[in-house]
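Read through the structure below, which is laid out as structure tokens, and then see the notes.
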Amino acid sequence: MTNLLTRDEIIALIGEITRLNRTSDETGEIERKIVSLIDTLEAGALDPEIFDYMHKEIPELTPEEIADRALAYKPIILPDESQP
């Protein structure tokens, strides 16, 4: 399992993604970097909606609010049916 990201790491990744999104990209290099950062963000957070918080929330959430929401996420743990 991948190590989970800290709040500061999540905030930094979101900031970098946001910054790069505002940059002109004629070679595709920035787009590849953004995809890599998003993959890192999604792999390092339990919340499967973390990327959506960046683009679908109205009003727009700050990186700190996104990190807090993602870190508050608690996955549903289903019982192991193989155990009596």
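Values quoted throughout were computed directly from the atomic coordinates according to the rules given, and no laboratory measurement underlies them. Note that the structure is a prediction, hence the values are computed from the model and not measured. As a convention, Cβ positions derive from the backbone with ideal geometry for all residues, glycine included, and neighbour counts pool all protein chains shown.
Quick notes on this structure:
- Were the residues from D68 through T40 laid out at 0.36 nm apart, the gain over their Cα-Cα distance would be 8.4 nm.
- Net charge over other residues, Cβ less than 12 angstrom from the Cβ of E65 (K, R count +1; D, E count -1): -2
- Its residue count N sets the reference 2.2 N^0.38 Å, and the alpha-carbon radius of gyration of segment 7-72 equals 1.09 times that reference.
- Cut-off 12 Å (backbone N to label point 7 Å along Cα→Cβ of N3), residues of segment 57-76: none
- Virtual spin-label span in nm between T18 and H55, 7 Å along Cα→Cβ: 1.6 nm
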